[in-house]
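Below is one structure; the comments refer to it alone.
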């Protein structure tokens, strides 16, 4: 009887071990996504920045909102965060542009284009708190980047340098490969977007040069350099890791936010209180 119990116990342990190894193998396959595609780094996937850059690109302390939002309690508090500027520091604003940043900040949240469901522009869409998705095909094919907020997207036009005849919310993105780094230059944004919820901004002269460097199957090192002689005294760069979502069903969902912004945009027509008061 003791021998039979030992055999049954051994069989049970063997079964559980096999089941565990099968599960771990499936998870490992998901975690070990191919890092190359047609000889290029494989950027396919759903990606997310895990930081507070969407609140403020510069270093900032935790802060509560004003008493208009008292019912939200701690939910409405702005979390503290480190600067994502390369080498730290602050954005090199020209004096008049700094005044505009301060005015933007004083008018948040109602003056933030995000609150009005406007497209976020580049680079803000990349580090927004909703993940985005990259679709990549052949070696030198164009790439597609999908941003759920305001149902935005952009095509990265490979090996092009031309701009748009008219400025647009997301501008025109031209890409090229420098070794294993995807370099994307975005032109012709309309200057109506902000860079974060702290009122940091740029003009229509902004040129953004992004660098996507794959560090492994699940990490991208992201850099974006901003050049705008109307707003900044010199170019400046942000940097951060992006993390690939490794869920079996990782996907993005459209956030068509227009209906949620109607009261803010048309408060006077609805007879609502001025949100700025």
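Is the stretch 222-237 home to any residue that is under 22 Å from residue 40 (Cα atoms), within 22 Å of the chain's Cα centre (by Cα), assigned to a loop (DSSP other than H, G, I, E, B) and modelled with pLDDT of 95 or more? No, every residue in the stretch 222-237 fails to be under 22 Å from residue 40 (Cα atoms), within 22 Å of the chain's Cα centre (by Cα), assigned to a loop (DSSP other than H, G, I, E, B) and modelled with pLDDT of 95 or more. The residue pairs whose first member lies in the stretch 41-64 and is at positive phi and touching a residue at least 12 places away in the same chain (Cβ under 8 Å), whose second member is outside any loop (DSSP other than H, G, I, E, B) and buried (at least 18 other Cβ atoms within 10 Å of the Cβ), and whose beta carbons are closer than 8 Å, counting only pairs six or more residues apart or on different chains, are 45/133; 45/134; 45/244.
Does residue 103 count as within 23 Å of residue 76 (Cβ to Cβ), surrounded by fewer than 16 Cβ atoms within 10 Å (Cβ to Cβ) and modelled with pLDDT of 95 or more? For residue 103, the condition - within 23 Å of residue 76 (Cβ to Cβ), surrounded by fewer than 16 Cβ atoms within 10 Å (Cβ to Cβ) and modelled with pLDDT of 95 or more - is met. Scanning the stretch 238-247 for residues that are surrounded by 13 or more Cβ atoms within 10 Å (Cβ to Cβ), in a loop (DSSP other than H, G, I, E, B) and out of contact with any helix residue (DSSP H, G or I) (no Cβ under 7 Å at 6 or more places or on another chain) returns a single hit, 245.
Is it the case, given these coordinates, that residue 200 is surrounded by 15 or more Cβ atoms within 10 Å (Cβ to Cβ), on the phi > 0 side of the Ramachandran plot and in contact (Cβ under 8 Å) with a residue 12 or more places away in the chain? Criteria not met by residue 200. Taking the stretch 162-215 as the range and being assigned to a strand (DSSP E or B) and either closer than 20 Å to residue 93 by Cβ or modelled with pLDDT under 95 (or both) as the test, the residues that pass are 189, 194, 201, 207, 208, 209.
Selection over the stretch 219-235 of residues that are surrounded by 14 or more Cβ atoms within 10 Å (Cβ to Cβ), touching a helix residue (DSSP H, G or I) at 6+ places or on another chain (Cβ under 8 Å) and more than 16 Å from residue 128 (Cα to Cα) gives a count of 2. Does residue 74 satisfy the criteria of being surrounded by fewer than 12 Cβ atoms within 10 Å (Cβ to Cβ) and either within 26 Å of the chain's Cα centre (by Cα) or modelled with pLDDT of 90 or more (or both)? It is true that residue 74 is surrounded by fewer than 12 Cβ atoms within 10 Å (Cβ to Cβ) and either within 26 Å of the chain's Cα centre (by Cα) or modelled with pLDDT of 90 or more (or both).
Given the criteria in contact with a strand residue (DSSP E or B) (Cβ under 9 Å, 6 or more places away or on another chain), crowded, with 16+ Cβ neighbours inside 10 Å and more than 18 Å from residue 222 (Cα to Cα), does residue 187 qualify? Yes; evaluated as a whole, the condition is true for this residue. The single condition among (1) in a loop (DSSP other than H, G, I, E, B); (2) within 22 Å of residue 107 (Cα to Cα) that residue 250 does not meet is (2). Selection of the stretch 29-58 for residues being under 21 Å from residue 142 (Cβ atoms), in a loop (DSSP other than H, G, I, E, B) and at pLDDT 95 or above yields 42, 43, 44. Residues of the stretch 77-105 that are over 12 Å from residue 200 (Cβ atoms) and either in a loop (DSSP other than H, G, I, E, B) or under 21 Å from the mean Cα position of the chain (by Cα) (or both): 77, 78, 79, 80, 81, 82, 86, 87, 88, 89, 94. With respect to the conditions (1) surrounded by fewer than 15 Cβ atoms within 10 Å (Cβ to Cβ); (2) under 16 Å from the mean Cα position of the chain (by Cα); (3) on the phi > 0 side of the Ramachandran plot, residue 150 lacks only one, and its number is (1).
The values are calculated or read from the model by the stated rules, or taken from the named source; none is laboratory data. Just so it is clear, the model here is predicted, and its values are computed rather than measured. Because the Cβ atoms are built from the backbone with ideal geometry, glycine has one as well, and the counts that use them run over all protein chains shown.
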